[in-house]
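Colleague: Take a look at the following structure, please.
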Amino acid sequence: MNGSDFTPFNEAIFVKQPGLGAAVAWHQDATTHWDSPNLDEGTHGFNFMAQLYGCTAANAVWVVPGTHRQGKLDISSLTEVGGDRISGAVPMICDPGDVVMCNRQVVHGSFANTSDDWRVSVGFGFHRKASVVGASAKLLNGKVVQL
């Protein structure tokens, strides 16, 4: 996807048990380059999410199409008053074994899994090399690291 500029950076397993999987608030994964003069829709990379079980509207990740092109958004202004929904959001519905590709800048989140279905996603994140080399990041302990 990124050609010779392809840089893997992360892998994770997300488990939403039936009736137990917690909600994940609407967010954008990107953190480091929002003020960059070179910001574009691919600056913060993308994720592959392999689904071990299927995803339904009740347990899937929901995305707001097109928001990856709009920069850093005030997400609270997008939610419906008094609610947790964003107009235009759609679930990434999948069969077992499907792989979803999702831009890290897109607004996305998931609701509590109140269904009887499991969702287990194996996620892999990727950046452009240019978005990594020379970048700095703040660790959880507050220390800034130059990459």
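Colleague: Can you pull out every residue in the stretch 28-65 that is out of contact with any His (no Cβ under 9 Å at 6 or more places or on another chain), touching a residue at least 40 places away in the same chain (Cβ under 8 Å) and within 12 Å of residue 103 (Cα to Cα)?
Modeller: Correct list: 47, 48, 49, 65.
Colleague: Another question, if that's okay. What is the one condition in (1) surrounded by fewer than 18 Cβ atoms within 10 Å (Cβ to Cβ); (2) hydrophobic (A, V, I, L, M, F, W, C); (3) farther than 22 Å from residue 18 by Cβ that residue 50 does not satisfy?
Modeller: Of everything listed in (1) surrounded by fewer than 18 Cβ atoms within 10 Å (Cβ to Cβ); (2) hydrophobic (A, V, I, L, M, F, W, C); (3) farther than 22 Å from residue 18 by Cβ, residue 50 misses just condition (3).
Colleague: Suppose we keep only residues that are among the polar types (S, T, N, Q) and assigned to a loop (DSSP other than H, G, I, E, B) within the stretch 34-55. Which one would you say is farthest from residue 83 (Cα to Cα)?
Modeller: Among those residues, the one meeting the criterion is 38.
Colleague: Restricting the search to the stretch 76-106, which residues are at negative phi and free of Cβ contacts under 8 Å to residues at least 24 places away in the same chain?
Modeller: Of everything in the stretch 76-106, those that are at negative phi and free of Cβ contacts under 8 Å to residues at least 24 places away in the same chain turn out to be 76, 77, 80, 81, 83, 85, 87.
Colleague: Answer yes or no as to whether residue 7 is within 26 Å of residue 72 (Cα to Cα), in contact with a Lys or Arg (Cβ under 7 Å, 6 or more places away or on another chain) and among the β-branched types (Val, Ile, Thr).
Modeller: Yes: the conditions hold for residue 7.
Colleague: Let me ask another. Which one is farthest from residue 18 (Cα to Cα), of the residues in the stretch 56-79 that are assigned to a loop (DSSP other than H, G, I, E, B) and either among the polar types (S, T, N, Q) or in contact with a strand residue (DSSP E or B) (Cβ under 7 Å, 6 or more places away or on another chain) (or both)?
Modeller: 70
Colleague: Please state which of the following conditions residue 69 fails to meet, knowing it meets all the rest: (1) under 30 Å from residue 132 (Cβ atoms); (2) of a type outside the set (A, V, I, L, M, F, W, C); (3) in contact (Cβ under 8 Å) with a residue 40 or more places away in the chain.
Modeller: Going through (1) under 30 Å from residue 132 (Cβ atoms); (2) of a type outside the set (A, V, I, L, M, F, W, C); (3) in contact (Cβ under 8 Å) with a residue 40 or more places away in the chain one by one, residue 69 breaks only (3).
Colleague: If a residue has to be surrounded by fewer than 14 Cβ atoms within 10 Å (Cβ to Cβ) and either of a type outside the set (Gly, Ala, Ser) or in a loop (DSSP other than H, G, I, E, B) (or both) to count, how many in the stretch 18-33 make the cut?
Modeller: 6
Colleague: Right, something else. Could you say which residue among 85, 119, 128 is modelled with pLDDT of 90 or more, among the charged types (D, E, K, R) and buried (at least 16 other Cβ atoms within 10 Å of the Cβ)?
Modeller: When all the criteria are applied, what remains is 119.
The values are calculated or read from the model by the stated rules, or taken from the named source; none is laboratory data. Computed from a predicted model, the values in this text were never measured in an experiment. Cβ coordinates were reconstructed from backbone atoms using ideal geometry, including for glycine residues, and neighbour counts include every protein chain displayed.
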